[in-house]
Each structure stands twice: as C-alpha cells, then as structure tokens.
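The next block holds one structure in the form of structure tokens; read it before the comments.
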Amino acid sequence: MKSPLLSLPGAVPAEGVDEGVAAHYGDLFREQRALADGTGFVDLSHRGVLTVTGEDRLSWLHLLLTQHVSDLPAGEATEALVLSANGHIEHALYLVDDGTTVWAHVEPGTQEALLAYLESMKFFYRAEVADRTADTAVVHLPAGSIAEVPEGAVVRETAYGRDLFLPRAGLADFAAQAGPPAGILAYEALRVEQHRPRLGFETDHRTIPHELGLIGSAVHLQKGCYRGQETVARVQNLGKPPRRLVFLHLDGSEVHLPGHGAPVRVADDGPDGRKIGFVTTSVRHHELGPVALALVKRNVPVDARLIAEDTAAAQETVVEP
C-alpha cells in the first residue's frame, strides 16, 4: 500500500518491509525531537489491519492468543502474540476493542497469513475476521499529543502514544491538520530507545517471548491453554531462555551503523572471536547517538564489552540473564 503522504514536501520513501511510507521528510533529528515533545504524527498506513466481529470475538481470540482478552474492556489497548506449537513467535498483534469490533494492526505483509490461520481456527464460534488493510490506515500520535482525533476514528492508546485506525480515504485530510509529519525512521529511533521489540527485527524463526521481555506485556501467565503455552510455562517455571535482548550504545566515531543481522562478539575475544549474538535494529538517536538492540546469548556477562560487526558497543540490560 503506497501512502498518499509520500507526495508531501521532502518525503523520502522507506525501503524494505517499511516500503510504502516515508522514511523521513528531510530532517531525521528534527522529526525525532518533535515526536519526543509530543507533536506531529507518523504515517503507519503500510501496516496490515484486521478486524474481528461477532458475539464470540473476545472469547474466541482468548483461546488463540498469548494475552488474556476474554474480558478486555472496550477502549483498552493490549498486545498479543501467536506462537507456533514449539512456542516460537509467529505473529504480533496490537489490539483494541471498540465495543463491537476488535481492531488489530500487524506487521506489513503478515496480515494474509494471520488471517488464514484465524480462519482455520473458527470452528463453531460466532466470529468473523476481515482484512481491512485496503480501506483502513494506521497513524501514530506520540504521547502528549493534543492533535484532534477525527470523528469515528478507532483509538488505541498506550503509554507511548495513540494509534488511530482511520479510513484510508481520509489520510491526506488528517495529515493537513495533524501537525508536522515524522517518518518511520524517527518512529524506529524512539522504539529502540524504549526497548520495544518488533516482529521480524528482534525476532527470528526460533525467538520465544521470554528472550524479548514480552511476559506480561504480550503474554499472560494465568490464562487457559493456547498453542505454544507449554514452552512458555516450561521456561517460566523451570529454566531460562537461551538468549536475551540488550540495548547497545555504539561507538559514535563510526560512519556506518551495523545492519540487521550483523554479528555481535565479546570485545576481549577480538573481531575473529566467537559470535555471541546479532544486531536486530540500529538507529541514530537525536540525544543518545548511534544505538541498537541486539539478541545475545543469555550467559554473556552483563558488563562485557562487545563488538557489533566492527563497532565497539557497551551493553545495557533489557532482559535479565
């Protein structure tokens, strides 16, 4: 889905999974500062949107998701995962129920596979799932924003701001009155600062929720069975995850940031040492400088100096060993 906001002055298109919206509008740090100050908005209209309607929508989703949603109050935001039978993360959903409909936005391009899975699990439940990506756009207002929310918009409010589900046809009109736009790179910089993992970036084919610190925020430990629950319970009660998420302060003298998948090593072992993890997301932050999230082996000492590809890195604990 190509956003009409790419026609705004200064818009530079994003690449990769975020293709379809603007990477920035000419000044990355100014856009970051605006979001941090609670002004402007972010075009997330490339994200997938699903809705679930029907009398059984919440009780049915409760059986499939990692989050406790059977009694989710109208207007209360939550997030949830779909796990594989082995407990690996397959989908991430960012949800709100408006009283009659559950609205969820998901990573770009994942909505079709998620829809197919949900449809396969309907059985006799009174619930209808629809892909609303073609007619619904997601935009983000940062925490503290006083921008007016259009009438009829569905609002998902969190500590980090408000996600709005808007008619796609009204996206340009919203942008005209919502303040200065910020690109996806500014949004990502603040996400990394806030240590918030993203599907496909901080996850690979074997990531389990404990590695990313998602217990509580996206995984409820006192609810009924769901696919992958056995792994969650076993790790919670009997062991530790094999890896843990860390926040890296990168050497600011380097011109290039280590990319997604760049190897992480212990600095004392040198550049040819054993790989102990990989960079998941790296950004340039308006205050912190170059920073990154990375997944490393759980037993890496929390005070160990690291190398991300060829860049020196100091780690900050996100998930305890």
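A few points about this structure:
- Structure-based [θ]222 nm, the chain - -39500 (n - 2.57) summed over DSSP H runs of at least 4, per residue, nearest 500: -4500 deg cm²/dmol
- C-alpha center-to-center spacing [the stretch 240-301, the stretch 11-32] in angstrom: 24 Å
- Among PHE123, PHE41, PHE174, the largest mean-square fluctuation in a Gaussian network model of the chain (Cα springs under 10 Å) belongs to PHE123.
- Rounded, prolate or oblate (a/c below 1.5 giving rounded, otherwise prolate when a/b exceeds b/c) for the stretch 15-134 by Cα gyration tensor: prolate
- The stretch between VAL302 and ALA176 holds 40.7 nm of extra length on full extension. This uses 0.36 nm per residue minus the Cα-Cα distance.
- Rounded FRET efficiency, nearest 0.05, which uses the C-beta distance separating ASP98 from LYS2 and R0 of 35 Å: 0.80
- On a per residue basis, the convex hull of the C-alpha atoms belonging to the stretch 111-156 measures out at 117 Å³.
- Inter-probe distance in nm under a simple model that places probes 7 Å from Cα toward Cβ, at ARG234 and LYS275: 2.5 nm
- Residue among ALA14, ALA292, ALA92 with the largest mean-square fluctuation in a Gaussian network model of the chain, springs linking Cα atoms under 10 Å: ALA14
- Net length available on complete extension from GLU19 to GLN194 is 60.7 nm, with 0.36 nm assigned per residue and the Cα-Cα distance removed.
- For the stretch 121-224, the equivalent ellipsoid derived from the Cα gyration tensor has semi-axes of 28, 22, 14 Å, listed largest first.
- Sites HIS260 and PHE124 - FRET efficiency at Förster radius 35 Å, r taken between beta-carbons, to 0.05: 0.25
- With a Förster radius of 22 Å applied to the beta-carbon distance between CYS225 and GLU55, the computed FRET efficiency rounds to 0.50.
- Zone of SER70's modelled label, taken as backbone nitrogen in the stretch 90-125 under 15 Å from a point 7 Å along Cα→Cβ: none
- Backbone N within the stretch 285-315 under 16 Å of label point (7 Å from ASP37 Cα along the Cβ vector): 286-287
- Paramagnetic reach from ALA159 in the stretch 67-95 [backbone N under 15 Å; point 7 Å along Cα→Cβ]: 77-79
- Globularity ratio of the stretch 1-61, using Cα Rg and 2.2 N^0.38 Å: 1.53
Read-outs throughout are calculated quantities, based only on the coordinates presented, and are distinct from any laboratory measurement. Given the structure is predicted, the values throughout are model-derived calculations rather than measurements. Heads up, the Cβs are rebuilt from the backbone with ideal geometry, glycines too, and the neighbour counts pull from every protein chain shown.
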